[in-house]
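Structure, as structure tokens:
The values are calculated or read from the model by the stated rules, or taken from the named source; none is laboratory data. These numbers come from a predicted model, not from an experiment. Cβ atoms come from the backbone with ideal geometry, glycine included; neighbour counts cover every protein chain shown. Please note that ligands, DNA and RNA were not included when accessible areas were found on the heavy atoms of the full protein model with its side chains. Shrake-Rupley method; radii C 1.70, N 1.55, O 1.52, S 1.80 Å.
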Amino acid sequence: ENIHPTGPPVAKPGCLDGLTFVLTGKPEGNDYSRDAAEKLIRNCGGVIRSVISGRTHYLVIGRSLDDGRPVSSSKKYQSAQEIINRDNNKSNLQIITKDGLFSLIRNRS
């Protein structure tokens, strides 16, 4: 299998081409930083945005916000939920965790 024993999967270049991501909160676990997640997404061809929109494909959430509040209290999370709940989520926006991001990369590599 194309994964490291610990950490992110080995990614095929371009495996996230055409996909747009927004990140919020601190990543799960101390072994992986938000900067590392952004670098991984960019190296796979994904685009990082700072604001949720109807063109966002994935909101990658951490376990909590930097100030300790739950991720569900963030504006990004709330905006994503509004988009998902509107028009039966015709935008196909998904909310995923770090593990979901890793699975997405494995499945597309």
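Observations on the model:
- Flag if G54 is modelled with pLDDT of 95 or more and either in a loop (DSSP other than H, G, I, E, B) or closer than 22 Å to G14 by Cα (or both): no
- Residue match in the stretch 31-44 (condition: open to solvent by less than 30 Å² (accessible area, probe 1.4 Å), within 16 Å of K76 (Cα to Cα), at pLDDT 95 or above and not small (G, A, S)): no
- For the stretch 2-13, the criterion of being at pLDDT 95 or above and either over 13 Å from the mean Cα position of the chain (by Cα) or buried (at least 20 other Cβ atoms within 10 Å of the Cβ) (or both) is satisfied by no residue at all.
- Candidate set: the stretch 57-100, residues that are part of a strand (DSSP E or B) and not aliphatic (A, V, I, L, M); chosen: the one modelled with the lowest pLDDT: S64
- The stretch 79-94 residues that are within 15 Å of L19 (Cα to Cα), paired with ones that are open to solvent by 30 Å² or more (accessible area, probe 1.4 Å) and part of a helix (DSSP H, G or I) (beta carbon under 9 Å, 6 or more apart): S91/I84; L93/I84; Q94/I84
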